[in-house]
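Right, one structure below, let's go through it.
The values are calculated or read from the model by the stated rules, or taken from the named source; none is laboratory data. Because the structure is a prediction, the values reported are computed rather than measured. Remember, those area values only see protein heavy atoms, side chains included, never the ligands or the DNA or RNA. Shrake-Rupley method; radii C 1.70, N 1.55, O 1.52, S 1.80 Å.
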Amino acid sequence: MAQARPFRAFVSYSHADVGFAAWLQRRLESYHLPRRLADKLTPLSGEPPGRLGPIFRDRADLSAATDLSAAVREGIAASSALVVVASPEAAKSQWVALEIALFRELHPEAPVLVALARGDPSEALPGALRRGDVEPLCADFRKHGDGRRLAFLKIVAGLADLPLDALIQRDAQRQVRRVTGVTLGAAILLVIMALLLVAALRAREEAERRRVTADEMVNKLLIEVRGEFEGTGNVKLMMAVNQLAMDYYGKQGDLRRLGDGSLEQRARVLQVLGQDDEKQSRLDSALARFSEAHRTTAAMLAKSPKDPDAIFAHGQSEYYLGLIARRRKDRASAGRYWQAYLTQARALAKAEPGSVRSLLEQGYANGNLCDLNREDGYDLKSAERQCAAAIAFEQQALAKSSELLLALANRHGAMSLLYFRLKRYEDSLASCRSEAALLDPLIAIDPGNVEYALRRSWADIGMANVWLTTGRPALALALLRDNLARGPKAFDQRSDDGRVIETRLRVHLFIARALRDLGRPYSAELAEAARHRDRLSGLGRESAEKAGSIWAKSWPLAGKRP
């Protein structure tokens, strides 16, 4: 049998913690010690200075193993330390206990580190860790413990045999240098790109060649430089980049003179700028960007009516104009644009039959019309037909690409709302369960993803609403209490996100309603809901209107409004 390669550590965990364990392995293997500490770590064979080296994670590294016990023994024998991912499930796992015992048997003097992922230490630490007089180093990754950054550095310090204080200080200095460098470098690059852009615009005698060069620079400016600004949160610089791009496109004139590549880049950039404006509720500016993008993609389509990329691009323009119309509560215009979006999606299906892109576009287009017709009970019969079509198309796309779970989950969520309006409560409940079943694997892989956490909570809220409406408040209360107890870390990391605050508001209002229906005190939950209502109201006029609407619809929940 070939000699196993050496590992810096062996990660032991239960299957319930696979997402956390995979994240920890990636972070440890990609982490580079600060320069002034790198020479204090003896690198493993073939590894560069400052790198911890490979980390053994049995479920990942044994995918082709035929003898699990032998392979685990070899992996542990080749590891310099043991990292145990602690959780209530890990504490009950016989495999975790056996791996701890085996490591201590083979390496009685080697370090054993604990990464507390979930649960109270009293119920999360495997019993095998408590043997002997030496207490293992415990890094508490919970938000109310050490937090992810400090806990991670504790594990690194234990593996590298370095003082934790020195590692924290050097790592913090490196973070400051990195952010400063990115901001300064991006600002310098912005100036350079602006100068090049001006030079390109003045070279009128070489119009076509210069146009291509300028297009490429603007595209780079929007995609790469602007991305750096977004990462540093520098809104003023990001807006300056946007304005440079718009100044350039404002001088292009007759679109018939532009090549296909220039038209496509122009449309893509305008749509990116419009999305920025829409997210910031600058609807007039967003409409101007999207209208110009629509004019551009119409020119693309006129030149190449059967080209799939031109069809797709114009479909996006129809969608964005419909989005702005819907946000302005112009149902007729939104319906017109979104029907045109569906027409383009069907044309795309003819141009590239059976492609994932065409299936998704038909799913999205039908889903938009479903949402529009479902809103305020406008046309529930059409909405049901369109929602069913959206699910069918997205399920076909999912069969070709497993990355589309979120899109299908969203559509089941919309279907559950439609069934609720139709008073088909068991169908609504089934749709919520389908939505949750699609989201749970995504959350297991990426527990910190705020989008997954939000949509999973919405599924819980949907089920609770059905149970409350059908006289089953105890079921609703248990589910919502569990939702709060799970306390997604993604929510804690984005506590000022309007969608997170709105979700918390709805959860507490539904808990108060369940308590009321059970004849139990609910004033504390109502007060907590009011706190979230006020936080949401403080985010701007549109958020305040939403908070007021949610609050108004919760009555009569009490004799009078607090």
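Laid out as a table, the results:
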quantity: Segment Leu539-Arg328, length gained on full extension (0.36 nm per residue, minus Cα span); calculated: 74.1 nm
quantity: Rounded accessible area of Leu283 (nearest 10 Å², 1.4 Å probe); calculated: 30
quantity: Longest to shortest principal axis, alpha-carbon extents of the stretch 448-552, angstrom; calculated: 35, 29, 21
quantity: Centre separation in Å (Cα based) which lies between the stretch 78-144 and the stretch 279-309; calculated: 56
quantity: Computed lengthening from Ser281 to Leu422, 0.36 nm per intervening residue step minus Cα-Cα distance; calculated: 47.6 nm
quantity: Mean separation of Cα contacts under 8 Å (6+ apart) over length of the stretch 314-371, as relative contact order %; calculated: 31
quantity: Length-normalised contact order for the stretch 408-473 - Cα pairs under 8 Å, 6+ apart - percent; calculated: 35
quantity: Accessible area (Å², 1.4 Å probe, nearest 10) - Asp330; calculated: 60
quantity: Length added when fully stretched, Asp120-Lys40, from 0.36 nm per residue minus Cα-Cα; calculated: 25.3 nm
quantity: Unsatisfied cross-links (Cα-Cα over 23 Å) in the set Lys279/Lys546; Lys329/Lys381; Lys381/Lys546; Lys350/Lys381; Lys329/Lys546; calculated: Lys381/Lys546; Lys350/Lys381
quantity: Solvent accessible area, Å² - Tyr452, 1.4 Å probe, full protein context; calculated: 50
quantity: Volume of the Cα convex hull of the stretch 253-360, divided per residue and given in Å³; calculated: 96
